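To start, the structure itself, in structure tokens.
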4 protein chains.
Amino acid sequence: MRTVPLATLNATDKPDFVAELGDIYEHAPWVAEAVAGQRPFATLAALHGAMTAAVRAATREQRLTFIKGHPDLAGKAARAGDMTTDSKFEQASAGLDRLSEREFADFHRLNDSYKAKFGIPFIICVRRHTKDSILRLFERRLANDAATEETAALEEIFRITALRLDQRVDAPDQLKVHGRISTHILDPCSGVPAVGVTIELLELSANGDRRVIATAQTNQDGRTDHPLIGGRPVPIGCYELHFHMAAYFAATATPLAEPPFLEVVPVRFAVAEPEAHYHVPLLVTPWSYSTYRGS
Amino acid sequence: MRTVPLATLNATDKPDFVAELGDIYEHAPWVAEAVAGQRPFATLAALHGAMTAAVRAATREQRLTFIKGHPDLAGKAARAGDMTTDSKFEQASAGLDRLSEREFADFHRLNDSYKAKFGIPFIICVRRHTKDSILRLFERRLANDAATEETAALEEIFRITALRLDQRVDAPDQLKVHGRISTHILDPCSGVPAVGVTIELLELSANGDRRVIATAQTNQDGRTDHPLIGGRPVPIGCYELHFHMAAYFAATATPLAEPPFLEVVPVRFAVAEPEAHYHVPLLVTPWSYSTYRGS
Amino acid sequence: MRTVPLATLNATDKPDFVAELGDIYEHAPWVAEAVAGQRPFATLAALHGAMTAAVRAATREQRLTFIKGHPDLAGKAARAGDMTTDSKFEQASAGLDRLSEREFADFHRLNDSYKAKFGIPFIICVRRHTKDSILRLFERRLANDAATEETAALEEIFRITALRLDQRVDAPDQLKVHGRISTHILDPCSGVPAVGVTIELLELSANGDRRVIATAQTNQDGRTDHPLIGGRPVPIGCYELHFHMAAYFAATATPLAEPPFLEVVPVRFAVAEPEAHYHVPLLVTPWSYSTYRGS
Amino acid sequence: MRTVPLATLNATDKPDFVAELGDIYEHAPWVAEAVAGQRPFATLAALHGAMTAAVRAATREQRLTFIKGHPDLAGKAARAGDMTTDSKFEQASAGLDRLSEREFADFHRLNDSYKAKFGIPFIICVRRHTKDSILRLFERRLANDAATEETAALEEIFRITALRLDQRVDAPDQLKVHGRISTHILDPCSGVPAVGVTIELLELSANGDRRVIATAQTNQDGRTDHPLIGGRPVPIGCYELHFHMAAYFAATATPLAEPPFLEVVPVRFAVAEPEAHYHVPLLVTPWSYSTYRGS
């Protein structure tokens, strides 16, 4: 997706501004219209703040109409293709476009119950989630009262639109919508970083699925050149890092058992804060290792 | 299986002795016959030593006949039920009685190649192995020369018969044919052993299968009341210990993230020496852990 | 000191019994006299329990007279030699027989303040303490009220007499008056216990003194043949284990920096419970180590 | 000491250039003179390289005269004040200005032996050393032959002059003459960096002296705002980091024993490479810790 400089948005005429940002809020170009007159915005945070203020300043009826304009999660709109491009992309990120029949039925049931109880669709910023965490939150939020859910829906929409602005607009500041998973391998038998170790990052699902979502090799500093996940929220969920240690030790002529005591070291952990940095280093010898959440 | 005291074997008449131990060596009661006159045996080790010496003292032709009397691994004999009870039990222990069609075909092909090359069946002490390690060794041993394989076959037979004697005879000594997997969990935030933690031991296969083979809970000392594997060889293979830590920390009112950073801690390791003690402790906090092969 | 079997104490006549145990309670043979008629005692615990009950059953006046019969800590009695043999030995164990002039003055001042406030000498089971912990407790107990200190004095006396009985009487049971400091060294680069490592145990004082109180070498299991402290209470205080690792690694042909990153690894810890087991293992490589209170 | 920009040195006339850098090489302004005509120098490394080349290009006689112009280590010149300002400052850095009479005698004896054997003074870049490492190297180098020591003397002089240039000249590049000691404390019970922990860095001497050479507090990231040693070589020698953990845990309301198991955690290590980064982190709970050389 092409990015537009904040300076350009500040300088262009109002129709162009609305054309550029009208779809940041789902089917609600009136939000962009409402803030056009407040330009120039010094920062992306100021633009995002103005848009959220415009939504909060609208009448409750207007807000409800707007909320109701959002598609069902993994709903018929998703299957029929009747969503904005952003929504399609976002739902795919959490795997909602490849549900099993059973999971589709679960979502269908939850959507129906939620709409029956609150009169609005269930809204969640899917880019911060995995299928598992969405289902868990869905069940939990069904137990709330209507006022809580109207507030929750808005908060989630503001997260969604912050991520869309972050992708669309090239600005001097950042919206703190990104998290990170990184690692670092030290070999204390040699006293140096472990170089050339193959690492895989897997996403684990409650149903037993395990999907490799990143692979990398450690560099001269025992780190990966890029974070295993970075530049986006880290979906709330369960992960496993796989460190291919036996190949490393064999390459450094370390005597090993046959088969080696440690071949692949799996480190399983859950992410609870999508905007946080999860640094998960490994201190490893042929017969021991330790790991922790670093900083 | 009923055990017989060594003292009884020492005191009984020769036919009874041979009746008791004639099937220790597969289809070769002559081995028991050969040593009956050397009684009494002070230890099981002395009895085992006498029997291996009798085999080594036989003519090569006699030894080859004897070796050829052994069933194919996972072969037709296994399917047709034409094996001694011990052999059946032993082949089942490594999962050779529940092969997929493809694995059965692999074994069939290897058996044929091996017999074509060496004229004897492939013999291995299956109770020291998993399906994976058998296949790996099978391929490797196919590359040997005939003399090496005759020696290897005998060594494996002596391991098989040591295990059979260990099970059948109640003696003052032990044959050192058993290994162990044990663990110990310490909670250094509290400075005490972690009590009441659920632990699972899984056997992992190269084909992706994961089978829970033991479960236990830690006692007041942070250990399990019994080893996770004990009283038998630990099959050469790949294992994973699963420590259910989040439930433990929740029970001790430790503040946790939601979801907890560590829910189940998997520790994956391989066993190379079936008769060794694999003590694999865990030092664990809500945000870190370390593990090692202890002693 | 010679030990006497509990059976002998149970069988002998009353004067002999009192002759044997009359000095367990300082200048108070009446305690032994009071329990002689309750013989036989099945266990040492029963004997100790009977004696403490006799003290509790005495009149308060009798108890106060008895408490007042105890020597000052590090007082003139200590210097003049006017104490029972046990008291001398006990005060020496905490180093109270080799105080500097200044420390002697500190004890003198505290003794005077304590007696002026409570009318009894300060009583503490010195074998459970170091000079530092005695001084700390002395200051703290000075702030108590009289009733609390009468109770405290009795509790300490019962600890003193339990230790004396434990040393004097050979019985089937033990009084749980002993603690232990032990260690265990693992070398995870090799996957084995570290054998032949020299270990020193130092006692550290608040005034900067450091005194080696035990040395040992690790055996084939990476442990010391005997606990570094055992068979007696571990004095409350600060300790340092010194592990001479560079010599070990040099002996195993491990490449080391010059000078080695780790030469002597000091592990400093405090003991708070004299009757507890302090197991303090070390997992060490040439460039890292970890330690913890084990179990 | 005031710094002069490399650009200024490149632009000034030759006498000024020599006036500025004439004393970089001890009593040898001819080195600066020899390179003045090669200006401009793009980098400090180029300037340093030109000066070392000029020394190597001189006749052996000239080089020996130059080498002999250097003061004795901790010699009479030091006491009499007859050294260049740089030399005085450098010898003080390793504590050579505060030797005991006995150490002074040791140096005197070694100086005499060295001069008697080689005819030149013992030269070493003292800023890369502690008193202990100098004495150790002194004894070792005494065993060399004359050619080795002439080479060694030059190498040490080039290290000395690199450090002098680094301090005197403000250039776009750096000469890689600096090392670093840093740390990082993580509290895995809370899953966060340990904030506000007091840390001391001590230099330990073979004679038992322990001198605090830096103190710091950890910041919000569990690190110190500045390296404990930085911006200069880290003297080869033995160090101890003292982490005041009990105060930290008490401040975070962590339940502790009395006295706490860990009060001050000492981590002792040796520095072998003065230009390297020694990152020595601590992962610590109230009952355990681990440390390692990081990167």
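The values are calculated or read from the model by the stated rules, or taken from the named source; none is laboratory data. If you're wondering where the values come from, they're calculated on a predicted model, not measured in any experiment. Every residue, glycine as well, gets a Cβ built from its backbone with ideal geometry; the counts of neighbours run over all protein chains shown. Ligands, DNA and RNA are excluded from the accessible area calculation, which covers all protein heavy atoms including side chains. Shrake-Rupley method; radii C 1.70, N 1.55, O 1.52, S 1.80 Å.
Taken over the range B:33-65, residues that are open to solvent by 50 Å² or more (accessible area, probe 1.4 Å), within 21 Å of B:Ala153 (Cα to Cα) and not hydrophobic (A, V, I, L, M, F, W, C) amount to 6. For the range C:210-226, state whether one or more residues are surrounded by fewer than 21 Cβ atoms within 10 Å (Cβ to Cβ), among the polar types (S, T, N, Q) and within 14 Å of chain D (Cβ to nearest Cβ). Checked the range C:210-226: no residue is surrounded by fewer than 21 Cβ atoms within 10 Å (Cβ to Cβ), among the polar types (S, T, N, Q) and within 14 Å of chain D (Cβ to nearest Cβ).
For the range A:132-151, what are the residues that are in contact (Cβ under 8 Å) with a residue 60 or more places away in the chain and within 21 Å of A:Thr65 (Cα to Cα)? Within the range A:132-151, A:Glu150 is the sole residue that qualifies. With the structure loaded, tell me whether D:Ser190 is out of contact with any His (no Cβ under 6 Å at 6 or more places or on another chain) and closer than 19 Å to C:Glu240 by Cβ or whether it fails that test. When the stated conditions are applied, D:Ser190 does not pass them. Of the candidates D:Leu142, D:Leu201, the single residue that is in contact with a Ser or Thr (Cβ under 8 Å, 6 or more places away or on another chain) and closer than 30 Å to B:Cys189 by Cβ is D:Leu201.
Could you run through the range B:43-73 and say how many residues are assigned to a loop (DSSP other than H, G, I, E, B) and in contact (Cβ under 8 Å) with a residue 40 or more places away in the chain?
So in the range B:43-73, the residues assigned to a loop (DSSP other than H, G, I, E, B) come out as B:43, B:58-59, B:69-73.
Now restrict to residues that are in contact (Cβ under 8 Å) with a residue 40 or more places away in the chain: B:43, B:69-73.
So the count comes out to 6.
The set of residues in the range B:135-154 being within 15 Å of B:Leu73 (Cα to Cα) and within 13 Å of another protein chain (Cβ to nearest Cβ) consists of B:Leu135, B:Arg136, B:Leu137. Would the range B:18-25 turn up any residue that is modelled with pLDDT under 90 and outside any loop (DSSP other than H, G, I, E, B)? No, that holds for no residue. The set of residues in the range A:239-253 that are open to solvent by 40 Å² or more (accessible area, probe 1.4 Å) and not small (Gly, Ala, Ser) comprises A:His244, A:Thr252.
The one condition from (1) open to solvent by 10 Å² or more (accessible area, probe 1.4 Å); (2) more than 9 Å from chain B (Cβ to nearest Cβ) that A:Leu283 does not meet is (2).
Within the range C:174-202, the set of residues being open to solvent by less than 40 Å² (accessible area, probe 1.4 Å), in a strand (DSSP E or B) and either within 18 Å of C:His277 (Cβ to Cβ) or out of contact with any strand residue (DSSP E or B) (no Cβ under 9 Å at 6 or more places or on another chain) (or both) comprises C:Gly179, C:Ile181, C:Ser182, C:His184, C:Ile185, C:Ile199, C:Leu201. Checked against the criteria, C:Ala206 does not count as open to solvent by 10 Å² or more (accessible area, probe 1.4 Å) and facing chain D (nearest Cβ under 8 Å).
If a residue must be within 13 Å of chain A (Cβ to nearest Cβ) and surrounded by fewer than 21 Cβ atoms within 10 Å (Cβ to Cβ), how many such residues does the range B:227-237 contain?
Step one: list which residues in the range B:227-237 are within 13 Å of chain A (Cβ to nearest Cβ), which gives B:234-237.
If we keep only those that are surrounded by fewer than 21 Cβ atoms within 10 Å (Cβ to Cβ) as well, we get none.
Total meeting the criteria: 0.
Please specify each residue of the range B:266-280 satisfying the condition of being more than 7 Å from chain A (Cβ to nearest Cβ) and either assigned to a loop (DSSP other than H, G, I, E, B) or open to solvent by less than 10 Å² (accessible area, probe 1.4 Å) (or both).
The first filter runs over the range B:266-280 and keeps only residues more than 7 Å from chain A (Cβ to nearest Cβ), leaving B:267, B:271, B:273-280.
Selection gives B:Val267, B:Val271, B:Glu273, B:Pro274, B:Glu275, B:Ala276, B:Tyr278, B:Val280.
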